[in-house]
């Protein structure tokens, strides 16, 4: 029942109540009006008589006549009153019956109104429930649509590159249906459900393998028409003419499956027979094509060096020069002869005893810079100690300078090689950004040259710097060892020389003392 119907019922009930009230008022007014109109003339007629009787005492003898008239009038009035009452009673019964009918109708209208109000409340509650149900169903439809869209995307991303040709039509139809606003939800769901059914068929085919026709690109870049066979995660392709047989894989930047042909004739024959007939032996790569990818990344040392770019040349020149200098200095230090400790002690013993001739002879027989330093010390015999030390220190300095020659170049090489590697890194990054400007960031393979240059130059800069640094440290320690040996031998020589001079001074003093003692004795 609608709101308009309820309003109509309410209006009818109000009109009925108004009619009943008017009828009741009319009934009351109609019952009393005839009595009032009948009594009004009698009151008008009696009023002059009463006034005349009060004003005219001479008319007293006619009181009995007046009383009888009044009595007659009263009886007549009572009769009229009775008649009026009977008339009222006669009219009251139909009016009461009509009033009852109207009250019954009012009660019925009220009951209809209550039923309509209750029905309206129930319908409003039902409408709210239906609205909530529709909203819930719309949410379920939206969730289901999103779930199917996500499944469609995951299904497409999980397909092998060879299967994209097989499922291209239902995938495109599902994508276009989801974006087409003119289609009803039912039609969109039908298209997506068709794709779901195809995916279930693919799942069933995966247990026993699937074979279908398609195209693939060979190593020469030619598009070949042939047949695909899917066995688990592996895909195999055989050209229609049988000229190319291999695995179908995806290559970066290509939307078509690429063929990695079998090189072994036995594998070619076995795979071709299996694809053509559906039975026989099938070669299987447990690495799923990763072995071929790893083999493609292998390169020779020269190819690896060429990727470093032009900065590799100064790095190698610097590294080679540092190695040559280090080798030369190492050979030079190996040729430095160090005399035995026993011979050095013999020279020092002769110096301590003051036998300078023997010390000079033994020192001239010692090889290397130690012998030259001791010869310089013994040759300065008779000179002040400072002069002897300066003479020996000059030999030490000359030997140290000769041994340390070219060692700073090795240290510079150890410091400059990483900087050259950093220079190659900067140029490589600049080339990478130049390629990004041209090709964008979609194809990483086009950016590999700049990245390789940046990393390889840093790699070889460290390869040159670390050995150069270690070589410089090793050679410097050898130089310090030789110089320290020279300094220790020179200090020992000066100390022995000081002891010899002290011993000679004490002998001279004792002789002078004994001569002084003998002179007084001879005089006595």
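Nothing in this text is a laboratory measurement; each read-out follows from the coordinates by a stated rule. No experiment lies behind these values; they were computed from the predicted model shown. Neighbour counts run over all protein chains shown; Cβ positions are idealised from the backbone, glycine included.
Going from the residue with the fewest nearby Cβ atoms within 10 Å to the one with the most, 152, 430 rank 430, 152.
Each peptide in 209-217, 473-481 was scored by the mean count of other Cβ atoms within 10 Å over its residues; highest first, the order is 209-217, 473-481.
With the simple spin-label model, which puts each label point 7 Å out from Cα in the Cβ direction, the residue 137 to residue 340 separation comes to 11.4 nm.
If you stretched the chain out fully between residue 279 and residue 383, how much longer would it get, using 0.36 nm times the residue separation minus the C-alpha to C-alpha distance? Before the final figure, lay out each step's value.
Working: separation 104, 0.36 × 104 = 37.44 nm, distance 10.75 nm.
Contour length minus Cα-Cα distance gives 26.7 nm.
Report the rotationally averaged projected area of the stretch 133-270 based on its alpha-carbon convex hull, in square nanometres.
Values: hull surface 41.2 nm².
Value for the stretch 133-270: 10.3 nm².
Rg/Rh for the stretch 312-510 stands at 1.35; both radii use Cα atoms, and Rh follows the Kirkwood definition. Coordinate range of the alpha-carbon atoms in the stretch 174-227 per principal axis, descending: 47, 29, 12 Å. If you take the Cα centroid of the stretch 155-195 and the Cα centroid of the stretch 62-78, the two points sit 117 Å apart. Just to be sure I understand the model, the point goes 7 Å from the Cα along the line to the Cβ. What's the resulting residue 349 to residue 101 distance in nm? So the two model labels end up 16.8 nm from each other. Put simply, when 332-345, 409-422 are sorted by average Cβ atoms within 10 angstrom per residue, most first, you get 409-422, 332-345. Peptides 490-498, 155-163, 346-354 ranked from most to least packed by the mean count of surrounding Cβ atoms within 10 Å: 346-354, 490-498, 155-163. The residue 484 and residue 263 beta-carbon pair, evaluated with R₀ = 51 Å, returns a calculated FRET efficiency of approximately 0.20.
Give the calculated FRET efficiency between residue 426 and residue 406 to the nearest 0.05, with a Förster radius of 35 Å applied to their Cβ-Cβ distance. Can you show the working numbers first?
Details: r = 30 Å, r/R0 = 0.86.
So the FRET efficiency works out to roughly 0.70.
Within the stretch 300-409, the proportion of C-alpha pairs whose separation exceeds 19 Å stands at 60%.
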